[in-house]
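The values are calculated or read from the model by the stated rules, or taken from the named source; none is laboratory data. Computed from a predicted model, the values in this text were never measured in an experiment. Neighbour counts run over all protein chains shown; Cβ positions are idealised from the backbone, glycine included. Ligands, DNA and RNA are stripped out before the accessible areas are found, and what is left, the full protein with its side chains, is counted by its heavy atoms. Shrake-Rupley method; radii C 1.70, N 1.55, O 1.52, S 1.80 Å.
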Amino acid sequence: MTDVANARRRIRTAVVWDGLSAAIEARLPGRTQLDVLDVGGGTGGFAVPLAQAGHLVTVLEPNPDALAALERRAAEAGVSERVRWVQADAADLAGLVQPGGCDLVLCHGVLEHVDDPAAVLAAVAGTLRPDGLVSVLVANPNGAALARAVAGHLDQARAVLAHPAGRWGERDPLPRRFTPQQAAALFPPAGLAVFATHGVRVCADLVPGALVEGEPDAIASLLALEAVLAEHPDFHAVAGQLHLLASRLPGS
Ligand SMILES: C[S@@+](CC[C@H](N)C(=O)[O-])C[C@H]1O[C@@H](n2cnc3c(N)ncnc32)[C@H](O)[C@@H]1O
């Protein structure tokens, strides 16, 4: 990955890591080795750093190429013994993972792709211990509309807002996106209560690339701005992604 791509990735994920770390510290204090499940964990962008932090991570991922990259990444990081993986679709989660055995389940960038997001989130809830946490990251159509507009694709910006699943056209790689209201509404039927929502990539994808090219001060400023915007409820509506943290509803 180039320096610019690395900087972009760091800016895009910093807010998610901040929210996740704060939730673990506040809700699972003193727990140094969590049982983590990463649904659609891809090449291990979250799984490997969590294993490096001492946690035991299981990645459920259907793409064999992603799993091969995950295996290499875990080996390079020296955490192969703390990362295991299952090649499977999220739809089959309930039959593959022991119920009630996870402290933390990540579902980042996956509900956009699955056939039945509500069923996947209910299956995720079923894997949690009573005090377990869920971290969900989803794309927001409002943020996509802004990004398409700033890139000069004005018709696509209008199309995202008009499309029932928030898509900008046939070539859009995402099958669906979730507005803040749609994302929040997924949780209670799954037996989950959202305790924190953050806006992610509010500005990160909109500022010109030249700003993050070899400019450490600009990158630091953008990281600081994203951290403030993430906590600002007015900006959730236009964030590129939404990060929702949830726990089990009492009695569920
Ligand atoms: C945008 S990537 C996110 C990867 C990783 N969660 C991260 O945040 O770095 C989406 C991932 O979801 C996986 N995926 C797509 N459809 C899926 C499904 N039906 N069940 C489980 N994972 C799926 C893809 O293979 C891909 O690895």
* Structure fact -> Considering only helices (runs of 4 or more DSSP H) wholly within segment 1-119, the ones with at least 1 residues that are touching a Leu at 6+ places or on another chain (Cβ under 9 Å) and open to solvent by 30 Å² or more (accessible area, probe 1.4 Å) are 3-27, 93-96
* within 14 Å of the ligand (Cβ to nearest atom), β-branched (Val, Ile, Thr) and free of Cβ contacts under 8 Å to residues at least 40 places away in the same chain, is that true of residue 120? -> no
* Any idea which residue in segment 27-54 is nearest to residue 202 (Cα to Cα), counting only those that are more than 13 Å from the ligand (Cβ to nearest atom) and either among the aromatic types (Phe, Trp, Tyr) or touching a strand residue (DSSP E or B) at 6+ places or on another chain (Cβ under 9 Å) (or both)? -> 27
* Cβ pairs under 8 Å, 6+ apart, first in segment 104-117 and touching a residue at least 40 places away in the same chain (Cβ under 8 Å) and acidic (Asp, Glu), second more than 10 Å from the ligand (Cβ to nearest atom) and open to solvent by 20 Å² or more (accessible area, probe 1.4 Å) -> 112/176; 112/177
* In this structure, does residue 144 turn out to be under 21 Å from residue 200 (Cβ atoms), in contact (Cβ under 8 Å) with a residue 24 or more places away in the chain and part of a helix (DSSP H, G or I)? -> yes
* Kindly indicate whether any position in segment 215-222 is open to solvent by 50 Å² or more (accessible area, probe 1.4 Å) and of a type in the set (Gly, Ala, Ser). => yes
* To do: For residues that are open to solvent by 10 Å² or more (accessible area, probe 1.4 Å) and polar (S, T, N, Q), tally how many sit in segment 128-148.
  => 1
* To do: Mind listing whichever residues of segment 181-202 are open to solvent by 30 Å² or more (accessible area, probe 1.4 Å) and within 28 Å of residue 223 (Cα to Cα)?
  => 181, 182, 184, 194, 195, 197, 201
* Asked: Given the conditions (1) within 15 Å of the ligand (Cβ to nearest atom); (2) of a type outside the set (Val, Ile, Thr); (3) more than 30 Å from residue 234 (Cβ to Cβ); (4) in contact (Cβ under 8 Å) with a residue 60 or more places away in the chain, and given that residue 91 satisfies all but one, which numbered condition is not satisfied?
  -> (4)
* Structure fact -> Within segment 210-252, residues in a helix (DSSP H, G or I), small (Gly, Ala, Ser) and within 21 Å of residue 139 (Cα to Cα) come out as 227, 230
* So which of 16, 86, 39, 97 is β-branched (Val, Ile, Thr) and at pLDDT below 95? -> 97
* To do: Among the numbered conditions (1) more than 16 Å from residue 111 (Cα to Cα); (2) in a loop (DSSP other than H, G, I, E, B), tell me where residue 172 comes up short.
  => (1)
